[in-house]
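Here is the structure we will look at.
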Amino acid sequence: MSSPAVTVSRDETLSEAARRMHGSHVGSVVVTVDGCASGMVTERDLLRATATGGDPTVIKVGEVMSSPVDTVTRHLPARVAMLQMRERGFRHVPVVDELDHVIGVISLRDLMRVADIALDTEIVEVPRGLKGVVVAETEVGDVRGREGFFHYRQYDATELARKSTFEDVWFLMFEGRLPTAQERAAFVAEASLLRTLPSAVAAVLPMLAGAVAPDTSLAALAGVLAMVGAVDGARPVLDLTPAERRRDALRLCALTPTVLCALHRLKMGEAPLTPRPDLGHAANYLWMLSGEVPDPELARAVETYLILTVDHGFNASTFTSRVITSTGASVPAAVAGALGALSGPLHGGAPSRALAALDEIGSPDRIDEWVRERIISGEKLMGFGHAVYRTEDPRSALLKEVAVSLGGPLVDFAQQVEQHVVAMLNELKPGRKLYANVEFYAGVVMDRCGLPRDMFTPTFALSRVVGWCANILEQAVDGKIIRPSARYVGPPPPQPIPPST
Ligand SMILES: CC(C)(COP(=O)(O)OP(=O)(O)OC[C@H]1O[C@@H](n2cnc3c(N)ncnc32)[C@H](O)[C@@H]1OP(=O)(O)O)[C@@H](O)C(=O)NCCC(=O)NCCS
């Protein structure tokens, strides 16, 4: 603000007001009564009065001033003052103290300079991490954290996981409805045709697989899918018809298991296997990984996991895929970005870590001490807690059921650990409502089905790519770029550039 404020009384003349404005290089004066603001006179008021023939040496300030007048306090955030002035159409507002006495004037120019507020930008404060903030509308699905419920296009996802095939859910995510028998057959045939790698990409896989470091399968997958996009000539979604976008999306979903299994086998010194058209998506995945047709019970367990993890609201990787799509970029670009987000341990990287924790605990008598130490030292226990659920994670509940039906010593131990961790989180973090999440029993089920640990998160990617693609196709229709703001909190600009040495 400029301080002290330039003031006049209502009985003074306009020429006196003009003289004070001119002398102080300001565009307005505050009209005061006993130190309090009773009105404002601006250059515009002076011009209006004199241009219509009035005599400024005779007209009194009280006759032309704007009144009543808005005031702001010195502690009001600049952003709020800005919005208030914009709403009321004022360019100058008196600043008052606790007794309502005028102590200065703030102008739009001051606000824009000091607070760096752009005139056409409405700044809205949101919670850290955007928790609870609605940033898009979707028909793909939803998570209801307080109820412990999530759905895909209005169907209870846990019910789909119990009753449907992965391909049916894939069709549902793409087309918005469950398929008829005829549609199912056509869809499976269409997807099967798309699961062969372009030969130029297949040719570089052996070298890549031999060179990648451990635990970088997601990065390798992202690279290969981006490469497929380049070889296929995948174009920006902005330039594609809905049918072309759908085809690009279907291709990436169909190719993901092929790429993952080829990289894995090559790394183990084995030749990649060609997909088997007679096997479902989950069984074919296990076949391409191990070279053995899986036991139907194990294939179904993996299929249940895959269906349960197809989509889950506006999680970090889905949001990433939508941000990239909102720029009009290609489907492979959006999927590669989403894979980067999924690779983070707080998102998709937890199942192998949850299993590693079980190994580290080792035996039931060590559970209490191990868990207590970790919680007290502020560590996050992998496979527990959730950003949205305040109940048991419904995915964890179903995967526990699957794990129990598969049986085995690891499953019994995992249940004991779960019980202790939940009880201890309740004791040491009261009121937070922390339970096992999808990752805890996912690791147990995948281990029981013979999947190697470094394939846990890639297996998550295999199902989630379908959810990302459904979101990408929806976002592509929206056409509005997602471009939020950040609050600059560094030292005030502009800083003179020091002479180069
Ligand atoms: C998933 C996760 C990132 C959600 O984070 P979030 O939204 O910030 O979590 P919340 O706001 O619910 O956390 C509330 C409190 O519980 C604690 N908490 C949450 N998850 C915890 C965990 N797994 N172990 C120990 N404490 C945990 C938090 O530290 C916080 O404590 P505070 O209130 O004393 O600061 C978090 O629970 C986590 O890191 N879990 C482990 C990783 C994992 O399993 N990820 C897979 C998710 S499906």
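The values are calculated or read from the model by the stated rules, or taken from the named source; none is laboratory data. The structure displayed is predicted, hence computed values, not measured ones. Glycine gets a Cβ as well: all are built from the backbone with ideal geometry, and neighbour counts include every protein chain shown.
One residue stands out in the stretch 240-275 among those that are acidic (Asp, Glu) and free of Cβ contacts under 8 Å to residues at least 24 places away in the same chain: the one that is nearest to residue 209 (Cα to Cα), namely 270. Counting only helices (runs of 4 or more DSSP H) wholly contained in the stretch 15-116, the ones carrying 1 or more residues that are within 30 Å of residue 489 (Cα to Cα) occupy 78-88, 108-115. Considering (1) under 30 Å from residue 266 (Cα atoms); (2) of a type in the set (Val, Ile, Thr); (3) surrounded by fewer than 14 Cβ atoms within 10 Å (Cβ to Cβ), the lone condition that residue 180 does not fulfil carries the number (1).
Yes/no per residue for (1) of a type in the set (Phe, Trp, Tyr); (2) in contact with a Lys or Arg (Cβ under 8 Å, 6 or more places away or on another chain); (3) within 18 Å of residue 106 (Cβ to Cβ):
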residue	(1), (2), (3)
3	no, no, yes
15	no, no, no
25	no, no, yes
36	no, no, yes
42	no, yes, yes
48	no, no, no
66	no, no, yes
77	no, no, yes
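Would a scan of the stretch 336-357 turn up a residue that is surrounded by fewer than 17 Cβ atoms within 10 Å (Cβ to Cβ), part of a helix (DSSP H, G or I), within 16 Å of the ligand (Cβ to nearest atom) and at pLDDT below 95? Scanning the stretch 336-357, I find at least one residue that is surrounded by fewer than 17 Cβ atoms within 10 Å (Cβ to Cβ), part of a helix (DSSP H, G or I), within 16 Å of the ligand (Cβ to nearest atom) and at pLDDT below 95, so the answer is yes.
Yes/no per residue for (1) touching a Pro at 6+ places or on another chain (Cβ under 7 Å); (2) in the same structural domain as residue 67 (by TED's automatic domain parsing); (3) of a type outside the set (Val, Ile, Thr); (4) at pLDDT 90 or above:
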| site | (1), (2), (3), (4) |
| --- | --- |
| 1 | no, no, yes, no |
| 18 | yes, yes, yes, no |
| 21 | no, yes, yes, no |
| 28 | no, yes, yes, no |
| 38 | no, yes, yes, no |
| 44 | no, yes, yes, no |
| 48 | no, yes, yes, no |
| 51 | no, yes, yes, no |
| 55 | no, yes, yes, no |
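Being among the polar types (S, T, N, Q), within 16 Å of the ligand (Cβ to nearest atom) and within 23 Å of residue 167 (Cβ to Cβ) is a property that residue 317 has. Taken together, the criteria place residue 167 among residues that are assigned to a helix (DSSP H, G or I) and in contact (Cβ under 8 Å) with a residue 60 or more places away in the chain. Considering only the stretch 463-477, I want to know if a residue exists there that is more than 14 Å from the ligand (Cβ to nearest atom), touching a residue at least 24 places away in the same chain (Cβ under 8 Å), closer than 30 Å to residue 242 by Cβ and surrounded by fewer than 16 Cβ atoms within 10 Å (Cβ to Cβ). Yes, some residue in the stretch 463-477 is more than 14 Å from the ligand (Cβ to nearest atom), touching a residue at least 24 places away in the same chain (Cβ under 8 Å), closer than 30 Å to residue 242 by Cβ and surrounded by fewer than 16 Cβ atoms within 10 Å (Cβ to Cβ). For the residues 367, 375, the requirement of being part of a helix (DSSP H, G or I), near the ligand (Cβ under 8 Å from one of its atoms) and not polar (S, T, N, Q) singles out 375.
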